[in-house]
Amino acid sequence: MGDPQATAQTKESPAKVIGMAVIVAFVCALVVSTASVLLKPIQDAHLEAEREARMAAMLDTLPGMRELLEEAGAENLETRLVDLSSGEFVASDDPAAYDEMEAAGDPDAAVPVPSELDVAGLGQRGPNAAVHILEGNGRVQLVVLPVRGTGYQSMIRALLALEADLRTVAALTILEQGETPGLGARIEDPEWQALWPGKEVANEAGEIVISVVKGEATKPYEVDGITGATQTGSGVANMLRYWLGPHGYGPFLERLRSGGL
Amino acid sequence: MAQAWNRLIAPLIDENPVTRQILGVCSALAVTTSVNTALMMSVALTVVICLSSVLISLLRHHIPNVIRLIVQITIIASLVIVIDELMQAFAFELSRALSIFVGLIVTNCLVLGRAEAFAMHNPPGRSFMDALGNGLGYSLILLIVGGLRELLGQGSLLGYFIFLPVSEGGWFQPLGLMQLAPSAFFIIGFLIWGIRSYWTRQAEPAKFPLVRERAGS
């Protein structure tokens, strides 16, 4: 065993303490960054595949969607980048690669959301958004808008499809959420999402009135809430209210309404 | 050998980390809504605790006492990040379901507890057996709780319906409470009660006598 006092001394000497700390930190940092860099492409491929699968699943839930696509001679929807504040298209080589949420985290690009308009609890948003448009007979037949907002305990991301009148919901697909399993997380259930098609997001006056109500919906702009998930439900409604409002896609939708593309 | 074997068996019930030592209860509440997530969490935790115990045991003569906790945490945290990255790459769906809870293995007292209490003082072989035993003991409780919660809360086990719920045209009305965290508390409480009633020597004597009568007030 030797002299335990002596080994304890050398083990506790300041040089040894600092040396050990540096070595452990360096080795750990090396292992973690290697794993992160090597696995990144595989992880990205999963994320991309998931996004595409959700998009395809949503198109399949829309009645007559495939026929519309065939009629328009398009394989898929056309993706365009929109400047949210002006509502104009922005030229881009790869609009589908643009991630609004990522841009919102970039201090140079992010646009702060005025607190009185920030019903979705975003804080800031990206300057642009990648929308998907189906054009046919010279006018918009369907527009798919990516939206996101704060639910009860997580950021909810979704795709909202509007019909040609830009007022009727064609479909709502939740892409990502981390709500309470069994309660709020049920917004991912196809049964709940099936309640959305045909709902109206705005009233006659053009105000955005879509809401998720407790119990049974009675009006065309109300959707049944999920029992035990009131906050998640209002989170979804507030998300749509923000994104369809003047600070979200409002200018873009207004432009589509008044003059097509 | 017998001693090593004992290190593996003891934590299963006798010194079970959850029901005896009451460690790792936070994650036991969070990930036990279904058997699938409980199983994945169990595997992830067992792998992390085994690797961390062996590594820390190998380094135990070189870890200065004054910074031992932060060295242990750094090693455990790095392992957890690597496992999380691996899961995101090769078990994408499951990593989605477990989300932040894999990352929270770092804060699981069980991992640090075994590193500090056992691996710092024992050779790698025995530390590994001890970590494996504790990982399995934790897994056992997680699977029992996850099984009960999924069966009663959704009528299914591993996603297959055992009791066909009303929503699927069956007869079973799922108990919503079972999907919420408090139900895990109840189940773990009942488990502890059951275990300590059967193996009575697990029951701890009261640290303070209950005051039966308050004099003067």
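The values are calculated or read from the model by the stated rules, or taken from the named source; none is laboratory data. Source: prediction; values computed, not measured. Glycine also receives a Cβ, built like all others from the backbone with ideal geometry; neighbour counts cover every protein chain displayed. Only protein heavy atoms, including side chains, enter the accessible area calculation; ligands, DNA and RNA are left aside. Shrake-Rupley method; radii C 1.70, N 1.55, O 1.52, S 1.80 Å.
Numbers below:
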| read-out | value |
| --- | --- |
| Test: B:Ser78 is out of contact with any Cys (no Cβ under 7 Å at 6 or more places or on another chain) and crowded, with 19+ Cβ neighbours inside 10 Å | no |
| Flag for B:Ile162 being under 20 Å from B:Ser34 (Cβ atoms), hydrophobic (A, V, I, L, M, F, W, C), open to solvent by less than 70 Å² (accessible area, probe 1.4 Å) and away from chain A (no Cβ under 14 Å) | no |
| Single residue of the range B:49-74 satisfying the filter (part of a helix (DSSP H, G or I) and within 7 Å of chain A (Cβ to nearest Cβ)) that is surrounded by the most Cβ atoms within 10 Å (Cβ to Cβ) | B:Val71 |
| Residue within the range B:58-68 that is in contact (Cβ under 8 Å) with a residue 60 or more places away in the chain and basic (Lys, Arg) present | yes |
| Among the residues listed as A:Thr168, A:Thr218, A:Thr180, the single one being under 30 Å from B:Gly159 (Cα atoms) and of a type in the set (Ser, Thr, Tyr) | A:Thr180 |
| The range B:42-72: number of residues that are of a type in the set (Val, Ile, Thr) and out of contact with any helix residue (DSSP H, G or I) (no Cβ under 7 Å at 6 or more places or on another chain) | 2 |
| Output for the range A:239-255, where each listed residue is in contact with a strand residue (DSSP E or B) (Cβ under 7 Å, 6 or more places away or on another chain) and either aromatic (Phe, Trp, Tyr) or crowded, with 21+ Cβ neighbours inside 10 Å (or both) | A:Met239, A:Leu240, A:Arg241, A:Tyr242, A:Trp243, A:Leu244, A:Tyr249, A:Phe252 |
| Condition broken by B:Val145, with the remaining ones in (1) under 30 Å from A:Gln177 (Cβ atoms); (2) modelled with pLDDT under 90; (3) surrounded by 21 or more Cβ atoms within 10 Å (Cβ to Cβ) satisfied | (2) |
| A:Val212 vs. criteria over 21 Å from A:Tyr98 (Cα atoms) and modelled with pLDDT of 85 or more | yes |
| Candidates B:Ala131, B:Ala181 - the one that is touching a residue at least 24 places away in the same chain (Cβ under 8 Å), within 14 Å of chain A (Cβ to nearest Cβ) and within 21 Å of the chain's Cα centre (by Cα) | B:Ala181 |
| Residue ID - most open to solvent (accessible area, probe 1.4 Å), chosen from residues in the range A:181-193 that are at the interface with another protein chain (Cβ under 9 Å from one of its Cβ atoms) and under 14 Å from A:Tyr152 (Cβ atoms) | A:Pro181 |
| Residues located in the range B:75-93, provided they are in contact (Cβ under 8 Å) with a residue 12 or more places away in the chain, under 18 Å from A:Gly178 (Cα atoms) and part of a helix (DSSP H, G or I) | B:Asp84, B:Met87 |
| Residue that is most open to solvent (accessible area, probe 1.4 Å) [pool: residues in the range A:38-86 that are of a type in the set (S, T, N, Q) and modelled with pLDDT of 80 or more] | A:Ser85 |
| Residue within the range B:151-162 that is touching a helix residue (DSSP H, G or I) at 6+ places or on another chain (Cβ under 9 Å) and either under 30 Å from A:Leu30 (Cβ atoms) or of a type in the set (D, E, K, R) (or both) present | no |
| Where B:Leu104 falls short, out of the listed (1) part of a helix (DSSP H, G or I); (2) open to solvent by less than 60 Å² (accessible area, probe 1.4 Å); (3) closer than 23 Å to B:Asn16 by Cα | (2) |
| Flag if B:Arg149 is basic (Lys, Arg) and touching a residue at least 24 places away in the same chain (Cβ under 8 Å) | yes |
| Evaluation of B:Cys26 against (1) modelled with pLDDT of 85 or more; (2) away from every other protein chain (no Cβ under 11 Å) (one fails), failing number | (1) |
| Among the residues listed as B:Arg126, B:Arg114, B:Arg96, the single one being over 17 Å from the mean Cα position of the chain (by Cα), assigned to a helix (DSSP H, G or I) and more than 12 Å from chain A (Cβ to nearest Cβ) | B:Arg126 |
| Filter pass, A:Trp196 being within 14 Å of chain B (Cβ to nearest Cβ), within 29 Å of B:Leu177 (Cα to Cα), aromatic (Phe, Trp, Tyr) and buried (at least 17 other Cβ atoms within 10 Å of the Cβ) | no |
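Conditions tested, residue by residue: (1) in contact with a helix residue (DSSP H, G or I) (Cβ under 9 Å, 6 or more places away or on another chain); (2) under 15 Å from A:Thr232 (Cβ atoms); (3) hydroxyl-bearing (Ser, Thr, Tyr).
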position: A:Gly138; (1), (2), (3): no, no, no
position: A:Leu162; (1), (2), (3): yes, no, no
position: A:Gly184; (1), (2), (3): yes, yes, no
position: A:Gln193; (1), (2), (3): yes, yes, no
position: A:Ala205; (1), (2), (3): no, no, no
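Residues checked against (1) modelled with pLDDT of 85 or more; (2) open to solvent by 40 Å² or more (accessible area, probe 1.4 Å):
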position	(1), (2)
A:Asn137	no, yes
A:Met155	yes, yes
A:Ala158	yes, no
A:Leu172	yes, no
A:Glu176	no, yes
A:Glu179	yes, no
A:Glu200	yes, yes
A:Gly206	no, yes
A:Thr227	yes, yes
